Amino acid sequence: MSHDTPAPVGGRIVSPFLSGLLGLMALAGLLLLWRFAAGLGAVTALNDGYPWGLWIAFDVVVGTALACGGYAVAILVYILNRGEYHPLVRPAVLTSALGYTLAGAAIVIDVGRYWNLFLIPVRPWTWNLHSPLLEVALCVMAYIVVLWIELSPALFEKWRASGDEARAQKGERWLGVWGKIAAFVIALGLLLPTMHQSSLGTVMMLAGHKLHPLWNTPMLPLLFLVSCIGMGYGVVIFESAVSGAVFGRPRHTAMLAKLSGAMVVVLGLYLVLRFADVVIRGKLGLLFRDGYSLLFWLEIALFAAPMVMLMDAGRRRNFPTLFRAATLMLLAGAVYRFDTYLVAFRPGAQWAYFPSLWEILITAGVVAVEIAAYIVIVKRFPVLAGGRSAESA
Amino acid sequence: MSVDRRTFLKGAAVAAAAGAAEVQAAHPAPEPPSDAVGMLYDATLCIGCKTCVVACREANGLKPVTPDWTDGLWDAPPGLDEHTKNVIELYREGDEQSYVKRQCMHCVDPGCVAACPVKALEKRKFGIVTWDGDRCIGCRYCQVACPYEVPKFEWESPVPKIVKCELCLHRIEEGGQPACCEVCPRGAIIYGTRKELLAEAKRRIAAKPDLYVQKVYGEHDGGGTQVLYVSHVPFEKLGLPVLGERGAAAATRSVQGTIYKGFVAPVALYAILAGVIIRNRRSGGGEA
Ligand code: SF4
Ligand code: SF4
Ligand code: SF4
């Protein structure tokens with residue numbers, strides 16, 4: 001088995017850690033029963049001034065950006081033709097598939113009239129093509145399907161390696177099918193995030209004067225797009241570090257060091273765009289005024305720090321530096337999104353919002369499902385590259 | 001590699017800048033529909049009797065809101081809420097004082113309609129913005145997008161609705177007028193076509209230039225509204241936000257509309273992506 005071929009990690013599924021995750025899920029499940037029986041007001045701190053809270057800002061807007069690893073790596077591998085990054089593709093697609101699926105679940109939890117949500121794809125005459133949120137909804141639904149199709153070769157390979165004659169043949173056949181359609185599916189997997197990650201930015205343009213002018217700009221779509229690609233690279237490095245430590249897989253430090261070069265470019269582009277935007281719109285005066293100015297500079301510092309840390313090619317090969325920079329990158333993108341959707345959103349002095357304990361616990365439950373599913377899948381399916389094979393574990 | 005990447009990024013940045021410039025030019029804001037009706041509220045006439053608040057409840061089957069301090073006796077909603085489509089608020093600062101009526105403004109280019117992904121909120125007959133529960137997914141984007149904080153959500157219900165003034169469309173269709181206009185003892189809120197009301201508003205402020213602020217709120221604000229306001233105190237103080245002549249709806253539409261015009265860009269991008277991937281896979285770079 002080659003060093004770069006994906007193989008199941010193997011080992012026992014049940015662990016104290018997983019049991020803890022299960023406990024969180026159970027608790028969140030109970031709270032969800034309550035939410036669906038008694039309405040959103042019963043479990044959340046949401047109100048008419050702050051109709052969107054933790055679930056939209058974190059689970060959906062930050063969550064899908066953290067799930068952009070598959071997108072960011074695919075740009076490198078398939079568009080810029082950097083085949084050497086190929087071992088990173090499958091684990092990145094897995095985290096993307098899980099991240100997007102759970103973000104989809106969070107949307108179902110958050111919307112009040114979810115029964116109509118499921119009818120969107122079959123009622124095209126109701127589509128408001130000017131609504132950025134419609135674009136997000138349709139693209140996210142489609143992208144979830146695309147991601148699981150992109151991941152399906154892991155299942156077919158498992159069949160092929162199962163030893164059972166009929167199964168192995170079935171696996172072989174489906175892998176053949178995948179080979180034929182792959183390019184078209186992968187292209188969709190690049191188009192859809194380009195569309196909805198930018199639209200997630202456009203969404204907040206409609207908040208108008210309620211969104212602070214340092215955040216509300218026609219550049220929102222571009223800023224969201226660029227920062228999600230940076231977060232995608234960040235998450236790949238982060239995931240390699242964690243799965244390396246937990247499952248004893250090779251960390252591909254040399255490859256990640258190169259990858260982080262791409263991150264520097266993306267971070268630089270983001271910073272240039274952000275400042276150019278403030279200058280062009282003539283909002284420089286807002287940069288030194290109040291709490292919002294500080295918030296702006298905090299974001300800038302969070303974006304600039306990983307860029308500076310990784311500027312020097314030598315330091316990139318130092319794994320701890322790489323890991324710290326990736327973590328900061330993720331934090332930067334997350335804070336930028338959180339600010340745009342919540343902190344810089346000012347519906348009026350009479351309104352206040354801080355997530356309720358129940359909201360936080362439900363979010364924790366969603367994250368727990370994601371982590372648990374990741375553990376189970378990499379232990380049983382060929383996702384992570386190299387290292388021990390299933391047999392020897 | 002870095003050369004490739006740099007050209008790619010530079011190209012992307014240039015394209016984006018060009019796109020942004022083009023965006024500003026296109027997409028003019030819409031005009032009020034030809035059959036547009038509306039209301040005119042005159043803050044100088046309103047005495048804060050709240051007869052309109054009661055009439056609105058009766059006409060729309062809404063129950064009174066009786067906060068604890070009223071011992072359950074008085075209908076005293078602190079603002080618009082899921083039981084209240086119409087409210088009278090008081091502004092006071094020193095000697096200056098005014099009431100202000102709040103309800104949906106029936107914007108000419110409404111943020112809520114631009115936002116709603118499923119056309120649950122739309123400008124329908126007479127330009128009135130109404131809500132369709134068979135479509136609404138309860139995403140509350142309309143609340144985020146309304147500059148006047150009008151749409152309200154039934155937070156305590158497992159099958160929540162969006163609640164907002166629909167200009168008593170059911171009464172207008174029967175040849176009547178909005179309940180609030182019908183009952184006002186002072187004529188502080190009147191019903192009519194938007195054209196008539198705008199002319200009347202201008203007539204009033206021209207007749208008493210010392211009394212009125214020389215502006216009809218809603219003529220152009222945020223792209224214009226079908227409910228118009230005249231007042232003796234500055235409109236911001238009444239809680240009517242300062243909006244440009246081009247509302248957020250127009251600004252957003254021009255960005256979204258330019259990117260997705262005719263769906264050409266996404267289709268073209270898809271074709272390019274698929275082409276590049278096929279070429280690269282042949283050359284053996286990104287095998288699946
Ligand atoms: S006031 Fe708000 S709810 Fe009414 S039409 Fe305008 S944007 Fe929509
Ligand atoms: S809550 Fe309903 S009416 Fe409001 S934007 Fe969402 S779907 Fe449209
Ligand atoms: S038009 Fe009808 S619904 Fe709107 S405020 Fe007046 S009475 Fe209430």
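The values are calculated or read from the model by the stated rules, or taken from the named source; none is laboratory data. Being a predicted model, the structure only gives us computed values, none of them experimental. Here the Cβ is made from the backbone with ideal geometry for all residues, glycine too, and neighbour counts use every protein chain on show. With ligands, DNA and RNA removed, areas are computed over all heavy atoms of the protein, side chains included. Shrake-Rupley method; radii C 1.70, N 1.55, O 1.52, S 1.80 Å.
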Self-check item: Computed accessible area, residue A:237, all protein chains, 1.4 angstrom probe, square angstrom
Solution: 0 Å²
Exercise. Would you compute the Debye intensity of the protein assembly as shown from its alpha-carbon atoms alone, equal scatterers and no solvent, and pass along log10 I(q)/I(0) at q = 0.07 Å⁻¹ to two decimals?
Key: -0.52
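How much of the accessible area of the range A:279-393, in percent, comes from carbon and sulfur atoms when a 1.4 Å probe is used?
With neighbouring chains kept in place, the figure for the range A:279-393 is 70 percent.
Over the whole of B:246-256, what's the average partner chain Cβ count within 10 Å per residue? Rounded to a whole number, please. All intermediate terms of the calculation are to be shown ahead of the outcome.
Values: counts 0, 3, 9, 4, 0, 6, 12, 6, 3, 12, 13.
Partner-chain Cβ atoms within 10 Å, mean over residues of B:246-256: 6.
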Quiz item: Per residue, how much space in cubic angstrom lies within the convex hull of the C-alpha atoms of the range A:151-306?
Solution: 162 Å³
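How about the range A:140-219: which GluC sites (Glu not before Pro) there lie in a loop by DSSP and see at most 14 other Cβ atoms within 10 Å? Could you put the intermediate results ahead of the total?
Numbers: sites: A:150, A:157, A:165, A:172; in loops: none.
Of the GluC sites (Glu not before Pro), not one in the loops of the range A:140-219 has a Cβ with at most 14 other Cβ atoms within 10 Å.
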Quiz item: Considering only protein heavy atoms, what per residue accessible area in square angstrom results for chain A with a 1.4 angstrom probe?
Solution: 38 Å²
Exercise. Round to the nearest 10 and give me the degree value, 0 to 90, for the angle of helix A:357-380's Cα axis relative to the longest principal axis of chain A.
Key: 20 degrees
Quiz item: Points 7 angstrom from Cα along the Cβ direction at residue A:308 and residue A:114: gap in nanometres?
Solution: 4.5 nm
Quiz item: Which value, in Å² and to the nearest 10, is the accessible area of residue B:258 when all protein chains are kept and the probe is 1.4 Å?
Solution: 40 Å²
Self-check item: In nm, spacing of pseudo-spin labels at residue B:75 and residue A:293 (7 Å Cα→C-beta vector)
Solution: 4.9 nm
Quiz item: Hey, what number do you get for chain A at 222 nm if only DSSP H runs of n ≥ 4 count, each worth -39500 (n - 2.57), divided across all residues, to the nearest 500?
Solution: -22000 deg cm²/dmol
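Kindly provide the Kirkwood hydrodynamic radius of chain B in Å, to one decimal, from all pairs of distinct alpha carbon atoms. All intermediate terms of the calculation are to be shown ahead of the outcome.
Details: mean 1/r = 0.0459 Å⁻¹.
One decimal place: 21.8 Å for the Kirkwood radius.
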Self-check item: Listing of the range A:173-196 residues, each with accessible area lower by at least 30 Å² in the full protein assembly than in the chain alone (probe 1.4 Å)
Solution: A:183, A:184, A:187, A:191, A:195
Quiz item: Counting only protein chains, not ligands or nucleic acids, how are B:71, B:210, A:339, A:290 ordered by accessible area (probe 1.4 Å), most first?
Solution: B:210, B:71, A:290, A:339
Exercise. Pick out, in residue order, every one of the trypsin sites (Lys or Arg not before Pro) in the range A:283-359 that is DSSP loop and has at most 12 other C-beta atoms within 10 Å; say none if there are none.
Key: A:289
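Ignoring ligands, DNA and RNA, what percent of the 1.4 Å accessible area of chain B is carbon and sulfur?
Result for chain B: 57 percent of the exposed heavy-atom area is carbon or sulfur.
Taking R0 as 60 Å, what's the FRET efficiency between residue A:319 and residue B:206 from their Cβ-Cβ distance, rounded to 0.05? Mind showing how you got there, number by number?
Values: r = 75 Å, r/R0 = 1.26.
Result of the calculation: an efficiency of 0.20.
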Quiz item: For the pair A and B, how large is the buried accessible area, both sides, in square angstrom to the nearest 100, if the probe is 1.4 Å?
Solution: 6100 Å²
Practice problem: Write down the accessible area per residue of the range B:153-288 in Å², having rolled a 1.4 Å probe over the full set of protein chains. | Solution: 47 Å²
Practice problem: With an 8 Å cut-off on Cα pairs and a minimum separation of 6 or more residues, tell me the relative contact order of chain A in percent. | Solution: 35 percent
Quiz item: If you stretched the chain out fully between residue A:351 and residue A:164, how much longer would it get, using 0.36 nm times the residue separation minus the C-alpha to C-alpha distance?
Solution: 61.1 nm
Practice problem: With a 1.4 Å probe and every protein chain left in place, tell me how much accessible area residue A:298 has, in Å² to the nearest 10. | Solution: 90 Å²
Quiz prompt | GluC sites (Glu not before Pro) within the range A:322-393, DSSP loop, no more than 13 other Cβ atoms inside 10 Å | solution = A:391
Quiz item: In whole percent, what relative contact order does the range B:113-212 give with Cα contacts below 8 Å and a gap of six or more residues?
Solution: 14 percent
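What average count of beta carbons from other chains do you get within 10 Å of the Cβ of residues in A:135-141?
The mean count of partner-chain Cβ atoms within 10 Å per residue comes to 2.
Normalised by the number of residues in the range A:25-150, what is the relative contact order in percent for Cα pairs under 8 Å and 6+ residues apart? Can you show the working numbers first?
Values: 87 pairs, mean separation 30.0, N = 126.
With pairs under 8 Å counted, the relative contact order is 24 percent.
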Quiz prompt | For chain A, Kirkwood radius (reciprocal of mean inverse C-alpha pair distance, Å) | solution = 22.1 Å
Exercise. Just the number, please: Stokes-Einstein D of the range A:1-157 in µm²/s, Kirkwood Rh from C-alpha pairs, 25 °C, 0.890 mPa s.
Key: 134 µm²/s
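Of the heavy-atom accessible surface of the range A:46-134 (probe 1.4 angstrom), what whole percent is carbon and sulfur? Write out the running numbers ahead of the final one.
On the way: 1660 of 2270 Å².
That share works out to 73 percent.
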Quiz item: Which net charge results when you count Lys and Arg as +1 and Asp and Glu as -1 among the other residues whose beta-carbon is under 12 Å from that of residue A:321?
Solution: +3
Quiz item: With θ set to phi - 60° and the Karplus curve 6.51 cos²θ - 1.76 cosθ + 1.60, what are the ³J(HN,Hα) couplings of the range A:287-294 in order, to the nearest whole Hz, using x for Gly and Pro?
Solution: 6, 9, 9, 8, x, 5, 4, 4
